[in-house]
Amino acid sequence: MGEIDDAIERADREAFTKEPPKTLKGRIGYLIKQLGSAKAVAAELGVTADSVNRYRRGARKHARPDVAAKIDNAVRQRWQPMVRKRRRREAAATGGITVETRARFGYTAPVGTTDDGRFRRLTVHLPATYAQRLFDARDAGASDREMRGIIAEGFKEVYFQDGGGRAMGLSDVEINDIDYLDLDY
């Protein structure tokens, strides 16, 4: 996963109205209910069906760290899908998406202007069209670079050009060396 994917996952987790099960037994029970069988859960996690059944019965209270991480990820991916879909739908239709980042921004500008890349800390609210493009790109399996391009284009329009009020000669904006990136919608 790339930085943008991780940021979208974090934003999805913030949307939860109820926390997922905390115990190993509860998480395994939830996965069995979602996937239909211990065998399907075992295939998803890369363990045996016997191990899954031991977790379900409570005979094993703790999973290995790598398996525990896979269980956590599998539960969070499936937890409250309707809440996540609703939040994404609202962001893509009307709300937009807020991007907070510290990264090196470089851009192409006319001769005689400052176009050297430099680190900036920005918090910019992008319109709903950019949220829709970002979600569509992610669902289509776009690379992190392609999703960065969508966010950079939004920054160009909203932040650098101020919706058409300045820096009209600015042609390309690039986001490089991301220190951190966080999304909210």
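A compact table of results
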item	result
Packing-based order for 28-35, 46-53, using average beta carbon neighbours within 10 Å, highest first	28-35, 46-53
Straight-distance crosslink candidates among aspartates and glutamates, where the alpha carbon sits under 14 Å from Lys33 and sequence neighbours closer than 8 are dropped	Glu44
Alpha-carbon centroids, region 49-81 and region 1-44: separation in whole Å	9 Å
Gain on full stretching of the segment that runs from Arg120 to Arg64 - 0.36 nm per residue minus C-alpha separation	16.1 nm
Reachable aspartates and glutamates, given that their alpha-carbon falls under 15 Å from the alpha-carbon of Lys85 and they are not under 8 places away in the same chain	Glu9, Asp12, Glu14, Asp136, Asp139, Asp184
Hydrodynamic radius by Kirkwood, which averages 1/r over all alpha carbon pairs of the chain, in angstrom	18.7 Å
Calculated log₁₀ intensity ratio I(q)/I(0) where the Debye formula runs over C-alpha points of region 12-54, q = 0.15, 0.27 Å⁻¹	-0.40, -0.91
Linear extension gain, Asp50 paired with Arg76, 0.36 nm per residue minus alpha-carbon span	7.1 nm
Percent RCO, i.e. relative contact order, over the chain, from Cα pairs under 8 Å lying at least 6 residues apart	26 percent
26 Å Cα-Cα threshold exceeded, pairs from Lys18/Lys156; Lys39/Lys61; Lys18/Lys61	Lys18/Lys156
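Since every read-out is calculated from the coordinates, none of them should be taken as a lab result. Keep in mind that what you see is a predicted model, and the values were worked out from it rather than measured. Glycine gets a Cβ as well: all are built from the backbone with ideal geometry, and neighbour counts include every protein chain shown.
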